Amino acid sequence: MAFTAGGWTPKWFVAANNDNATNLKPSSGIVHAVQVFGIGSAPAWLKFYDKASSPTCASDTIVKQIMIPAASTAANGAGAIGTVIDAQFSTGISYCVVTGIAANDDTSPAAATFVVNIDWK
């Protein structure tokens with residue numbers, strides 16, 4: 001069971017070697033904050049969708065997109081980002097983790113290269 005603090009439920013995962021298409025909540029909700037970490041040589045992208053089911057990463061409309069930096073060097077973005085986004089989703093909260101910046105990119109990241117924390121309700 002996840003511990004909730006301040007009403008937020010934490011979601012933690014290590015991105016798999018696929019597009020990681022996941023429905024986090026099948027009804028309206030809020031993503032309060034995210035923390036993302038990368039150990040690879042190239043960044044990935046955490047893409048959020050206002051959808052009550054798992055997204056189709058190559059064609060659904062992105063609501064928010066957050067870069068997951070590459071390995072921990074200044075040139076690669078320092079490897080970690082934590083940010084409050086307070087994004088509201090009217091239909092549901094879904095996400096993908098892929099390696100391309102384009103809206104229609106569905107390229108799988110390398111397994112066990114990116115960690116994502118999402119605080120939501």
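Take 104-110, 91-97 and order them by the average number of nearby Cβ atoms within 10 Å per residue, most first; the result is 91-97, 104-110. Packing order of peptides 40-47, 83-90, 54-61, highest average first: 40-47, 54-61, 83-90 (average count of other Cβ atoms within 10 Å over each peptide's residues). Using a 1.4 Å probe over the heavy atoms of the protein chains, calculate the carbon and sulfur portion of the accessible area of the chain as a whole percent. Percent of accessible area from carbon and sulfur atoms in the chain: 57.
Counting only aspartates and glutamates at least 8 places from Lys11 when in the same chain, those with an alpha carbon closer than 19 Å to its own are Asp19, Asp50, Asp86, Asp119. Between Trp12 and Gln88, the contour length at 0.36 nm per residue exceeds the Cα-Cα span by 25.4 nm.
The relative contact order of the chain, computed from alpha carbon pairs under 8 Å that lie at least 6 residues apart in sequence, is 44 percent.
Placing dummy labels 7 Å off each Cα toward the beta-carbon, the span from Ala58 to Ala110 is 2.4 nm. Taking Cα extents along the principal axes in Å as calculated from this structure, the corresponding entry among (i) 58, 24, 22; (ii) 37, 33, 23; (iii) 52, 26, 25 is (ii).
The values are calculated or read from the model by the stated rules, or taken from the named source; none is laboratory data. Since the model is a prediction, treat every value here as computed from it, not as a measurement. Counting neighbours? That spans all protein chains shown, and the Cβs are built from the backbone with ideal geometry, glycine included. For accessibility, only protein heavy atoms count, side chains too; no ligands or nucleic acids. Shrake-Rupley method; radii C 1.70, N 1.55, O 1.52, S 1.80 Å.
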